[in-house]
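Read the structure below first, then the notes.
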Amino acid sequence: MRRFSFSAALIGLAGLPLAAVAATPATTTTKAVPATKAVPVVKPASEGGPAAASIPLAPAVLGPRPRMNPKVAPTAATKLTPGVRDLIAPNSLALPNKPEMVRIQQLRPLGLTEILNLAEVNNPNLKAIASQVDQAKSNLRAQLAQWYPTLSLNAAALPSYTTGQSSRQVGAGPTGSGTIARDGFDATLSAQYALINPQRVPLVAAARDQYEKAKFQYVVSLRDLRLQAAQAYFDLQQADDQVRIGQESVRASLISLRDSKARFQAGVATKLEVLEAETQLARDQQLLANGLAAQSIARRALAALLDLPFTVTPTAKDSARVMGVWNASLSESIVAAFSFREELDQAILDISIANSQANSALGAVQPFLSVFTNFGYNQFNGQTGDVTGVQTSGNQYEATFGAKLTWSIFDGGAAAASSRQAKQLAQQNRYQFSQRRDGIRQEVETSFYELEKNNRDIITTSREVISAREALRLARLRFQAGVTTQREVVDNQRDLTNAEVRYSNSVTDYNKRLVELSRRTGLNQVMSCSAPSLSAVKPAGASDVPVEPTPLIPACRAAASGAVF
C-alpha cells in the first residue's frame, strides 16, 4: 500500500514555513493475510475493457485488506500550545443557566496555527470519532475471545435449606409420616473449548476490518476538521474585510455628503446632489451593518467549531492575503489523491467485511466441535423425610470429560441465502468503490479549476480596485472644480466599494481552494507568496474621517419612516 506523506503543516497550517514541498512516497508492508478463504466475487462481463487492462486493480495497489500505517497517519494534538492553554473546552455536559455565564467577556485574537491546535484538542466531534475507534477495538477484543476457553461456575445451592412433611403407605400397612429438614451445598465448575468453530475466523476478520475502517475514519475526520478550521478562519478574515470596506465606504460617503452640503450652502449645487450623497451614505451604512453581522456570526461559528469557553469569542489575528501558489499539475494531483485518500481504503474494507459475513453465514451449517469438562461437588445434612426419621449427612463429587458435536444438517437454505446476500453486498461495495473513486477525481478537478478561476479573479479584481480608486479620486477633483455632478462621485464610489468586495471574496475563495487541494490530494506543493512591503506611516486621506455609530431604531419605526404615502 503506497501513501504520500502528508505534513501536518497544511499549507503552513501548523506553523511551518510555506514552501514547495514535494510529496515523498512512503511504502508500507503492513498487509494482513486473510484469515479465511475469500469468497469469490464474479466480475460482470460488462465491467472493464481492453483499454483498462493495463490499469492495476485497487486490491493489488491498496491490499485486499488495507491497514493503517502509523508512520504516515497524521496525529491530532493532545495538548494546547502555551499561548492558548486557558482556552480548554468546557465540560462536555456543561449547560449554562445564567446570562452572565454566556456573556462575552473576552475577544481573543488567534492565528491560523492556534486555530488548528484548538480544533484538534477541543473539537467534540473528533473526540466522538476517537471513541468510535475505541469501540471498534473493544469489539475486536470481544471477537478474539472466541479463541480462548470458557470457564464457568454454577452453584445451584449455595447453600440451600429444605423443610416440609412427607407421608407414605405400603400396601395395606399403616401410613407413615415424617419431617423433612435438610440443608446442603451444590456447585459445578465447567470448562469448555471450541476445537472447531466455522464462524470464528470470519467473525474475527470482520471485526478486525471494522477496527481498521474506524481508524481510517478518524484520520479522515481529522483532516476534514483541519480543513473546516482553516476555511472558518478564512471566512472570519473575509468578514473582517467586509467591515473594513464598509467603514471606508461610510467615510467616503461622509466626505461626499460634507462637500455636497458645503456646495449647496454656497449656492453652487442643488438639493438633488445632497440627496444623492445621503442615499449613498445609507447604502454604505447598510453594507457596514451587514459586515458587522457577518463578522459576529463568523466569530461565533469558529468558537463553536473550536468548543471555546462560553465567555470567549475568537478574532482573526492576521488579515486576509493570498497564501501561496499551487505547483502540482492536475494529473499529478489526481494520482496523488488516489494514493492518499483513506475513503478508498474504507471501500476496500467494506468488500472484505461483506466477504467475511458471507463465510460466517455458511459456517452456520457446518459442524461445531468442542471439548468440555465438569467438576461437581455436593454436600448435604438432615433428615431424609421417611417414616424412620433417620438423620443422614454426606458429600460427593464427580468429574466429567467429553466432546460435543453440533451440526445443523438442513436449515431450509437460510445459511446459503444469507451468504449469497453478503456476496451481493460485496459486489455492491465494488460499484461504490468505483463511484467514490470517480467522486475523488471530480473533487480534485473542481478545486483545481476553481483555483484557476479564483486566480484570474484576483488579477482582474485587483486591477478593478486600482482603476476604481483612481476614478473616484479624479471624480472628486472634477466635482470640487465644478465640472461634474455629485452623481459621478457617487457612482464611482459605489464601483470602488463593489470592486473591493469582489477582490476580498476572490482572495478568500482562492485560499479555500488551496487548502481544499491539499486536503484532497495530500500534497503540500505550495510556494508561499512574498510578504508585501508596506509603509510604516499611515497614509492620510478618507480614513481620517471618524465613522459615527448609527443608532438602532426599531424595525417598525424604521419601516414607517421610509414608507412612501
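Read-outs throughout are calculated quantities, based only on the coordinates presented, and are distinct from any laboratory measurement. Here the structure is a predicted model, which means the values were calculated and not measured. So basically every Cβ, Gly included, is an ideal-geometry build from the backbone, and we count neighbours across all protein chains shown.
Listed by Cβ neighbour count within 10 Å, with the fewest neighbours leading, 183, 318 appear as 318, 183.
Using the Cα centre as the reference, give the magnitude of the dipole from point charges on the C-beta atoms of the range 385-522 (Lys, Arg: +1; Asp, Glu: -1; all else neutral), rounded to the nearest 20 debye. Walk me through the intermediate numbers first.
On the way: 21 positive and 17 negative charges, 142 e Å.
Result for the range 385-522 is approximately 680 debye, rounded to the nearest 20.
Of the cross-linked pairs 137/404; 215/317; 127/423; 79/317; 213/404; 79/215, those separated by over 26 Å at the C-alpha level are 137/404; 215/317; 127/423; 213/404.
If the Kirkwood radius is taken over C-alpha pairs of the range 63-139, then at 4 °C and 1.567 mPa s the Stokes-Einstein diffusion coefficient equals 83 µm²/s. Computed across the range 403-460, the Kirkwood radius stands at 16.1 Å (inverse of mean 1/r, all Cα pairs).
Among 201, 61, 444, which comes first, second and so on when ranked by fewest other beta-carbon atoms within 10 Å? Show your work: numbers first, answer last.
Values: 201 19, 61 15, 444 23.
Sorted ascending by nearby Cβ count, the order is 61, 201, 444.
The residue among 254, 264, 281 whose Cα reaches farthest toward the positive pole of the charge dipole of the range 220-281, with charges on the beta-carbon of Lys, Arg, Asp and Glu, is 264.
Residue order for 193, 148, fewest other beta carbons within 10 angstrom first, comes to 148, 193.
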